[in-house]
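The values are calculated or read from the model by the stated rules, or taken from the named source; none is laboratory data. Note that this is a predicted model, so its numbers are computed, not measured. Don't worry about glycine lacking a Cβ; one is built from the backbone with ideal geometry, like all the others, and counts go over all protein chains shown. When the accessible area is computed, the model is the full protein with side chains, heavy atoms only, and any ligands, DNA or RNA have been set aside. Shrake-Rupley method; radii C 1.70, N 1.55, O 1.52, S 1.80 Å.
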Amino acid sequence: MNIRVIVADDQEIVRTGLQLILDAQPGIEVVGVAADGERAVELALELRPDVCLVDIRMPGVDGIEATRRLAGSNIAVVVITTFDHDDYVYAALKAGARGFLLKDAGPELLAQAIRAAARGDALIAPNITARLLSSFAAARPDAPRPKPSDDLTDREEEVLLCVARGLTNDEIAGELRISLSTAKSHIASLMNKLGGRNRVELAIWAYESGRIRV
């Protein structure tokens, strides 16, 4: 069954481009488009898509408020924007977004973010992930270091560092010379041991535990 997506952006050419990119991806189908946040929320509540892809800067109800409303209705949201600002990233994640991408991310990363959001995971553009988590760690220098429920294996430690760097499953598999299914198994094990719900929380754990220095 296809992942059903709504695209919301106030620029028609961008909406059309995103729709064409997503419709060309196997297993993904755009079922509606909106030019502002208000319409995006209305469409989402009517069509109940798997994921909403929303721009941040839109007239009326912006992408952050739309994300807050949609996340409150248990609809996954991926935020996409031209503006690489930390306050936008923080606001989007706080509002409940399951992904944050820049519009130059490319079709592959966009599709990965949509699929991750649909399965309840989260994907943040790698260049944003490192900066965001470094800022997060620097803001909490005296925070107690968390401990896993069970000791991590050497391989899990390697996978955790890759996740904290913002690498995708495919990139982790390639870098560590393991199969994709093995990479996914290690990430699932990490989530279980660390109590993380998604990749972003795993990365935050890596910073909080001192695995990565700021």
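Here are some notes:
- Relative contact order of the chain, taken over Cα pairs closer than 8 Å and 6 or more residues apart, is 15 percent.
- Under 5 Å, built H, 5+ apart or other chain: amide partners of I3: I28, E29
- Around V200: net Lys/Arg minus Asp/Glu count, Cβ-Cβ under 11 Å: +1
- Length added when fully stretched, Q11-L180, from 0.36 nm per residue minus Cα-Cα: 57.1 nm
- Net length gained if the chain between D87 and E42 were fully extended (0.36 nm per residue, minus Cα distance): 13.6 nm
- Within the accessible surface of the chain, defined with a 1.4 Å probe on protein heavy atoms only, the carbon and sulfur portion equals 49 percent.
- Mean residue ellipticity, 222 nm, helices only, the chain: the sum of -39500 (n - 2.57) across DSSP H runs of n ≥ 4, divided by residue count and rounded to 500, is -16000 deg cm²/dmol.
- Treating r as the C-beta distance of D150 and R197 and R0 as 25 Å, the FRET efficiency rounds to 0.90.
- Size of charge dipole - the chain - debye, nearest 20, with Cβ of Lys, Arg +1 and Asp, Glu -1, no other charges: 580
- Relative to the dominant Cα principal axis of the chain, helix 12-23 is inclined by about 60°.
- In the full protein context, the chain carries 48 Å² of accessible surface per residue, based on a 1.4 Å probe and ignoring ligands, DNA and RNA.
- Note on the chain: GNM, Cα springs under 10 Å; of D55, D151, D36, the largest mean-square fluctuation is that of D151.
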